[in-house]
Amino acid sequence: MEASSGGEKQPLLGFGQAVIGPPGSGKTTYVRAMHALLTSMGRPVSIINLDPAGEDEPGAAVTLRELLALSEVMSELHLGPNGALLYCMEYLQGNLDWLRDRLISLRGTYLLFDCPGQVELYTHHPALPSILRQLQAWGLRLCAVHLVDSHYCTDPAKFISVLCTSLSTMLHVELPHINILSKMDLIEQYGRLAFNIDFYTDVMDLSYLVEHLTSDPFFRRHKRLHEKLAEVIEDYGLVSFMPLSIKDEQSLRRVMAAVDKACGFCFGEENRSLGSLTSVAVGADFHFASALAFQEKFVQKETRTVEEETLQL
């Protein structure tokens, strides 16, 4: 494990995405798809792999495994996988000159940061948010893209948990932030939706979800707890989601346009191609129409609307 000495202190400049989320949410797949899309549009883009546990990303311009690998830390320090991952992030935090030296040659390139999948890094531990803040201090304008597996929508208890995790992540990471429901083509793989997709993407009145949840005798005794959690989420009013299926290029373009606006690419990038300007222009699309398209394509027709569910309650 070697650390690099500091390099030039010139600003890095540029834009990028910090792709975060729990394990299995599709972060690496998203990074590859976004890299391919941006490349096809003529925008210079590079992948920065900050996950010491994963395999080396083909084509990554920078990978944390050059500095240290999870298996190496586990072996030398006799740590478990979670403890070793936290150590890797703290080690990177203490040796950011190594990362800066490698990013200097990528000045002006759009950067895709493929981050680790340990949830604690985004909700509790200070290392990764500190690293992202330092990247901003160097001149990079980043947007956090938080991926969550969409099949959690089929379980009200898990969806409330996802909402709490997403809210905590937004408050802890402190970046322009977009939440993504990934794998929308598999949304009903583990069960049927109680409401239409727009209920979950727009995070509508959660009292309906609590009522649906507490209709199960197992959860009924915790109804008051669920009501309070729903109130916290609604009081902040920050959490909403964009639907995404990697198989649907239009949904990927919508996410890209939303990120461009969130990080300010549409206001501060020079020499943009016609394709990138078009992507910004179409970013003002209606999310309801996007959710409706997924509803028609991937959800069985018998799914009830919020109004129909309310009448039954």
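The values are calculated or read from the model by the stated rules, or taken from the named source; none is laboratory data. Quantities reported herein were computed from a predicted structural model and do not represent experimental measurements. Methodologically, a virtual Cβ is constructed for each residue, glycine included, from the backbone with ideal geometry; neighbour enumeration extends over all protein chains shown.
Residue count for the range 22-48 under the criterion of being modelled with pLDDT under 95, within 21 Å of L85 (Cα to Cα) and not in a helix (DSSP H, G or I): the result is 5. Residues that are buried (at least 20 other Cβ atoms within 10 Å of the Cβ) and either aliphatic (A, V, I, L, M) or touching a Pro at 6+ places or on another chain (Cβ under 7 Å) (or both) within the range 133-149 comprise L135, L140, L142, C143, A144, V145, L147, V148, listed in sequence order. Candidates are the residues of the range 52-93 that are of a type in the set (V, I, T) and more than 21 Å from V119 (Cβ to Cβ); the one that is surrounded by the fewest Cβ atoms within 10 Å (Cβ to Cβ) is T63. Contact map, the range 245-263: first residue of a type in the set (D, E), second residue in a helix (DSSP H, G or I), Cβ cut-off under 6 Å, separation 6 or more or different chains; pairs are D260/C266; D260/V280.
Close Cβ contacts (under 6 Å, 6 or more residues apart or on different chains) running from residues in the range 195-220 that are more than 15 Å from V162 (Cα to Cα) to residues that are of a type in the set (G, A, S) and part of a helix (DSSP H, G or I) comprise I197/A291; D198/A291. One residue stands out in the range 49-71 among those that are among the charged types (D, E, K, R) and closer than 18 Å to S105 by Cβ: the one that is modelled with the lowest pLDDT, namely E57. Restricted to helices (runs of 4 or more DSSP H) entirely inside the range 166-266, those with at least 3 residues that are more than 20 Å from H151 (Cα to Cα) are 217-220, 223-236, 249-263.
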